[in-house]
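The values are calculated or read from the model by the stated rules, or taken from the named source; none is laboratory data. All values derive from a computational prediction rather than experimental measurement. Neighbour counts run over all protein chains shown; Cβ positions are idealised from the backbone, glycine included. Keep in mind that these areas ignore ligands, DNA and RNA; they rest on the heavy atoms of the full protein, side chains included. Shrake-Rupley method; radii C 1.70, N 1.55, O 1.52, S 1.80 Å.
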Amino acid sequence: WGVYNSSHSIKMLSTTSALYAGFVSDGSNGASNYHKACAMTISGTTITAGTVVDFATGSTYRSAARGLAATTTTQGLAVLVSSSNYNTYAVQLNVSGTTVTAGTLSGALGQAYSAASAGYRLRLPLISGS
């Protein structure tokens, strides 16, 4: 499994909790492409990672362009851009301890990139509120 440039983000939700989201692929264009999320707790020098959750699979959502924002101390917002149609998608990631539960992937939110710029990073600033 390989990773794509700019396809990984980690955000601190609190001083003892973090949320990771990233894209991994075996190089195919099929269901082997996964956006994954994982919650971690931090205590001193010990980091405990929870079970990895797949929140979007398949070539439709294959893209290195994605972002992650912490929205509350227990929630994050992941955004990805499809390499097949360049539409932007979003999903809420809920964290409880080291468990991540992914919400429903949104419908297309509109085109964010053209084919020439699809490899650029998508950055999300800190979002407060709902």
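Here are some notes:
- Checking every residue in the range 25-44 against the condition of being at pLDDT below 75, in contact with a Phe, Trp or Tyr (Cβ under 8 Å, 6 or more places away or on another chain) and in a strand (DSSP E or B) gives at least one match.
- Checking each residue in the range 70-85 for being crowded, with 16+ Cβ neighbours inside 10 Å and more than 20 Å from Y34 (Cβ to Cβ) picks out A70, T71, T74, Q75.
- Scan the range 86-124 for residues that are open to solvent by 70 Å² or more (accessible area, probe 1.4 Å), modelled with pLDDT under 55 and not hydrophobic (A, V, I, L, M, F, W, C) and the total you get is 3.
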